[in-house]
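Encoded as C-alpha cells, the structure appears first; notes follow it.
The values are calculated or read from the model by the stated rules, or taken from the named source; none is laboratory data. Note that this is a predicted model, so its numbers are computed, not measured. For neighbour counting, all protein chains shown are included, and Cβ atoms are generated from backbone atoms with ideal geometry for every residue, glycine included. Quick note on the areas: whole protein, heavy atoms, side chains included, nothing else; ligands and nucleic acids left out. Shrake-Rupley method; radii C 1.70, N 1.55, O 1.52, S 1.80 Å.
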Amino acid sequence: MSGLIEGLVISHLGKGIAVEVGEQILLCQTLRKLDTVVVGDRVLLSQSAPDQGRIEQLLPRRSVLQRPSRGDRIRPVA
C-alpha cells in the first residue's frame, strides 16, 4: 500500500463515492469511523487498485451546507 493521496469528492453513488485525484476519478469506500462524507469534501485516501481506493481521512471543511435530520441533529449535505 502506498502513501495517502489527497482528492476531492465529486459524487456520492450509493455505497461508493467518486473522488477526483488529479485527472483520474477513483471509486472509493469509506472507513466506518469517519463522519458523513459529502460532495465537495477534501479527503485523504489510499489507492487499492488502478481505479479504486479507500477514504482514510476527512480534511477540515471550509464551508458546509447543512439540513435538519432526525432527533434534532444537523446533517451536512454539501
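Values for this structure:
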{"read-out": "Loop sites in the range 1-63: GluC sites (Glu not before Pro), DSSP, at most 11 other Cβ within 10 Å", "value": "GLU23"}
{"read-out": "Estimated Rh, the range 37-78: Kirkwood, alpha-carbon pairs, angstrom", "value": "12.0 Å"}
{"read-out": "Centroid-to-centroid separation of the range 17-42 and the range 59-78 [C-alpha atoms, Å]", "value": "17 Å"}
{"read-out": "Accessible solvent surface per residue of the chain, calculated while the other protein chains remain in place, 1.4 angstrom probe, Å²", "value": "73 Å²"}
{"read-out": "Segments 41-47, 9-15 sorted - mean Cβ within 10 Å per residue, highest first", "value": "41-47, 9-15"}
{"read-out": "With every protein chain in place, the chain: carbon and sulfur % of accessible area (1.4 Å)", "value": "49 percent"}
{"read-out": "Estimated inter-spin distance, GLN66 and GLU23, nm [label 7 Å along Cα→Cβ]", "value": "4.0 nm"}
{"read-out": "Two-site label geometry, LEU34 and HIS12: point separation in nm, points 7 Å out along Cα→Cβ", "value": "1.2 nm"}
